[in-house]
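Asks: Please read through the structure below; I'll follow up with questions.
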Amino acid sequence: MSCIERTIQVSYRHRVYFTHGVFSAANDLLKQVLALEKSNSLVKALVVVDETLAQSQAGLVDDIAAYFARHESELKLVCAPMIIEGGERAKNSYFHVSEIQSHVEKHHIDRHSYIIAVGGGALLDVVGLAAATAHRGVRLVRIPTTTLSQDDSGVGVKNGINAFGKKNFIGAFAPPFAVINDFDLLASLPDRDKRAGYIEAVKVALIRDSAFFNQIERDAAKLAAFDPKAMQQLIFRSAELHMNHIATSGDPFEFGSARPLDFGHWAAHKLEQISDYRVRHGEAVATGIALDVIYSRLMGFLDVVSAERILVLLERLGFELFANELLHEDSSGELVVLKGLEEFREHLGGQLTITLLQGVGRGFEVHEMDSATVLAAIHELHSRHQQHLSVLAARA
């Protein structure tokens, strides 16, 4: 047998910018980003906008068109911005991916052109998959418009849609050309969606940075009231920690089985599915983290004081830590959520690896979960939730 072997190294530059009014007349950031690798011809771009965002921020689509018109000597908007649905439902079929790719072909978007995605995490996933697979990769600029996508998913390197009842079953790793976080685009979010992104900041603080967790605790009242400055500080530091992990962990495309940034996600992904995505991602992750915090304490990994501190912070931020879907049973009487462990292992492609806590800022990995203790954690979380509701009712 003969074999020729070579090592191929590919480097990426990952850029995340922070700004206000990205499409305003006084802001040249987007133009500058699109010109970073400018050829002699006009820079062509296809823009895709989240439908809910377009409806809630009247004039946004016109602002985008006006921005390109002001810079028409350098930038070319190949067609009016595409408006497609956002939210998890958009990820449940390949339809929107094909729709975007048809525009790529029709308007001659090539590997030196840009697709610009303006929306929440689900839309970024759909557009990212279309960009990663058209021409084997078209430059993608993400403009995340939710707290969760600005501090976590939008600054990552993953794109995907759901299939076969499994979250992100079809996808690709493809670092975006750039990410632009415009804080002004968060203004029209409902409180529920503003809050949702906090959990990913808490998550990365718990496994990476106790000082950041302390800061979130200090700012909890301001964050619960959606104070813009506190939110911006949280988003910036969370994005920075997520990017640090991607750039320095040695496994940005997850060839291994360890995914520490998915702390609390094994249950969250299954909970989303069980609820038919009525429970949104951030809310499901809050429940998943609460569950794994209690499990860590029950197993003797995490001290009682730290566990309670974490759970109290989540409640102060406004998260409900229990969803009734956690108690849903299959035909054999087993909790459906427990199937999330096997699906998580399968998604990792090998050995089950779950991140748990030994302390605030101290994550570690285990390769098995004790089912009886998981059940005990679920029931304790249920009891805590009922007590919390009773307290709230008494105060009303």
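Asks: Where does helix 198-208 land angle-wise versus the long Cα axis of the chain, in degrees 0 to 90, nearest 10?
Replies: Roughly 70 degrees between the two axes.
Asks: Turning to a different aspect of this structure: Step through the residues of region 351-361 one at a time and calculate ³J(HN,Hα) from phi using the Karplus curve (6.51 cos²θ - 1.76 cosθ + 1.60, θ = phi - 60°), rounding each to whole Hz and writing x for Gly and Pro.
Replies: With the stated coefficients, region 351-361 comes to 5, 4, 9, 10, 8, 10, 10, 10, x, 5, x Hz.
Asks: Please list, by residue number, everything in region 257-281 whose backbone N is under 12 Å from a paramagnetic label point 7 Å out along Cα→Cβ of residue 192.
Replies: Flagged as within label range: 277-281.
Asks: Determine the relative contact order of the chain: mean sequence separation of Cα pairs under 8 Å and six or more apart, normalised by residue count, in whole percent.
Replies: Result for the chain is 13 percent.
Asks: I would also like to ask the following. What would the Debye formula give as log10 I(q)/I(0) at q = 0.12, 0.21 Å⁻¹ for the alpha-carbon point model of region 155-311, no solvent?
Replies: Debye intensities relative to I(0), on a log10 scale: -0.58, -1.69.
Asks: What does the net charge come to around residue 339 if you take all other residues with beta carbon closer than 9 Å to its beta carbon, with K and R at +1 and D and E at -1?
Replies: Result for the local shell: -3.
Asks: Going through region 329-396, which GluC sites (Glu not before Pro) have at most 14 other Cβ atoms within 10 Å and a DSSP loop state?
Replies: In loop regions of region 329-396 (DSSP not H, G, I, E or B), the sparsely surrounded GluC sites (Glu not before Pro) are 334, 368.
Asks: Going by how many other beta carbons lie within 10 Å of each one, how would you line up 231, 1, 299, fewest first?
Replies: Fewest to most other Cβ atoms nearby, the residues stand as 1, 299, 231.
Asks: Measuring from centroid to centroid over Cα atoms, what is the spacing of region 286-325 and region 132-204 in Å?
Replies: Rounded to whole Å, the Cα centres lie 25 Å apart.
Asks: In addition: Rank by packing, highest mean first: peptides 126-139, 64-77, 308-321, with packing defined as the count of other Cβ atoms within 10 Å averaged across residues.
Replies: 126-139, 308-321, 64-77
Asks: For a protection proxy built on the mean count of beta-carbon atoms within 10 angstrom, sort 9-22, 178-191, 283-296 highest first, please.
Replies: 283-296, 178-191, 9-22
Asks: Hey, which of these cross-link pairs are over 21 Å Cα-Cα: 167/339; 31/158; 166/339; 31/106?
Replies: Where the Cα-Cα span goes over 21 Å, the pairs concerned are 31/158; 31/106.
Asks: Right, next: Placing +1 on the Cβ of each Lys and Arg and -1 on the Cβ of each Asp and Glu in region 16-186, which of 35, 108, 17 has its Cα farthest towards the positive end of the resulting dipole?
Replies: 108
Asks: Continuing with the same structure: What's the magnitude of the charge dipole for region 1-141 around its Cα centre, counting Lys and Arg as +1 and Asp and Glu as -1 at the beta-carbon? Answer in Debye, nearest 20.
Replies: 500 debye
Asks: Compute the distance from the alpha-carbon center of region 92-128 to that of region 364-396, in whole Å.
Replies: 40 Å
Asks: What do you get for the angle between helix 121-133 and the principal long axis of the chain? Use alpha-carbon atoms, 0 to 90 degrees, nearest ten.
Replies: Between the helix axis and the principal axis of the chain, the angle is about 50 degrees.
Asks: Nearest 500 deg cm²/dmol is fine: what mean residue ellipticity at 222 nm does the chain get from its DSSP H runs of n ≥ 4 alone, each adding -39,500 (n - 2.57), divided by its residue count?
Replies: Taken over the chain, the calculation gives -14000 deg cm²/dmol.
Asks: Based on alpha-carbon positions alone, could you give the equivalent ellipsoid semi-axes of region 16-186 from the gyration tensor, as √(5λ), descending, whole Å?
Replies: 23, 18, 15
Asks: For residue 248 and residue 392, calculate 0.36 nm times their separation in residues minus their Cα-Cα distance, and state this gained length in nm to one decimal.
Replies: Taking residue 248 through residue 392 to full extension adds about 47.5 nm, to one decimal.
Asks: Need one number: % antiparallel among DSSP beta bridges in the chain, to the nearest 5.
Replies: 30 percent
Asks: Next question. Dipole of the chain, Cα-centred, from +1 at each Lys and Arg C-beta and -1 at each Asp and Glu C-beta, to the nearest 20 debye?
Replies: Approximately 860 debye in magnitude.
Asks: Enter the angle in degrees (range 0 to 90, nearest 10) between the Cα long axis of helix 281-298 and the first principal axis of the Cα atoms of the chain, meaning the one along which they spread out most.
Replies: Roughly 30 degrees, rounded to the nearest 10.
Asks: What list of ³J(HN,Hα) couplings, whole Hz, do you get for region 150-155 from phi and the Karplus terms 6.51, -1.76, 1.60, once you set θ to phi - 60° and write x for glycine and proline?
Replies: For region 150-155, the Karplus-derived couplings read 6, 9, 8, 4, x, 9 Hz, x marking Gly and Pro.
Asks: Quick query: amide H of residue 163 versus all other amide H atoms, modeled in the peptide plane; which residues come in under 5 Å with a sequence gap of 5 or more or a different chain?
Replies: 168, 169, 170
Asks: May I pose another question? Can you find, among 2, 55, 121, the residue farthest towards the positive end of the dipole of region 1-126? Put +1 on the C-beta of Lys and Arg, -1 on that of Asp and Glu.
Replies: 2
Values quoted throughout were computed directly from the atomic coordinates according to the rules given, and no laboratory measurement underlies them. Computed from a prediction, not measured in an experiment: that's the story for all the values here. In this analysis, Cβ positions are derived from the backbone assuming ideal geometry, glycine residues included, and neighbour counts consider all displayed protein chains.
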